[in-house]
Amino acid sequence: MVDWATEVITWDQIREIVEIGTVESLGKLKRSEQQLKTYRAFMDKVRQDYASVADFIKISVLDSASKLNSEGKKEAVDSEHGGQQIVWHLNDFPYYFEDNVQHWLLWSSDRPLEQQLVAQQIAAKFPEQQWEHIMFVNPAALQSVLAIWHCHVLVRPKQQ
C-alpha cells in the first residue's frame, strides 16, 4: 500500500469515509504523491528551524511571539492574546480532493472546541445556503500536530 492517493478523492467518497470515522477509513484521506513529497520536504524544514511542529503552528498560525532556544531553533512564547484563540487556516497541503473542495483547518490555541462551537464557526464562515461542509477530527494516530487541537473542515459550493 502506498502513502499517497493515486486517484482524486470525490465529495461522495469523502462523506462516506468521514461517516465511517475509523482510523482505517480516515487513513484513506491522503495527499497525491507530489503533494506528499512537497509536504514532507516542508516538514523537514520546519523541524530544522523550529523546536517542534507545534511551535511552528503557534508562531505561524496562532501568531505567538517567538524566541530562539539553546539549539538556535524558534520556540513559541506564551501568547500575548490571553485566552483561547480560534483561527481558520486554509490547509497549505490539502488532501487529494476534487478541485472544487477547499480543505480548511480550524485551530484552537488552548483546548478542544465543543461540537456546538465548531458548528457555529462553520456556519459563520460558510453559510449553509452557499456551502456544503464535512468536518472531522483525525484520531491521534493520524494527526501530524497532536499538541494543538484542530479539526478539518472540507467545503464546496452548493450544487445547483
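What follows is calculated from the coordinates using simple rules that are stated; it is not laboratory data. Predicted model only: the values in this text are computed from it and were never measured. Cβ: placed from backbone, ideal geometry, glycine included. Neighbour counts: every protein chain shown.
Label reach from Trp11 (point 7 Å along Cα→C-beta): in region 133-147, amide nitrogens under 17 Å belong to 133-136. Of interest is the spacing of the C-alpha centroids, which for region 4-34 and region 134-160 amounts to 12 Å.
Name the shape class, rounded, prolate or oblate, that the alpha-carbon gyration tensor gives for region 93-160, where a ≥ b ≥ c are the square roots of its eigenvalues, rounded holds for a/c under 1.5, and otherwise prolate holds if a/b is larger than b/c and oblate otherwise. Oblate, because a/c is 1.5 or more while a/b does not exceed b/c. Expressed in units of 2.2 N^0.38 Å, where N is the residue count, the Cα radius of gyration of the chain is 1.10.
Ellipticity at 222 nm from helices only: DSSP H runs of n ≥ 4 in the chain, each -39500 (n - 2.57), divided by the residue count, give -9000 deg cm²/dmol. The dipole here belongs to region 11-157: it is taken about the Cα centre, uses +1 on the Cβ of Lys and Arg and -1 on the Cβ of Asp and Glu, and is about 360 debye.
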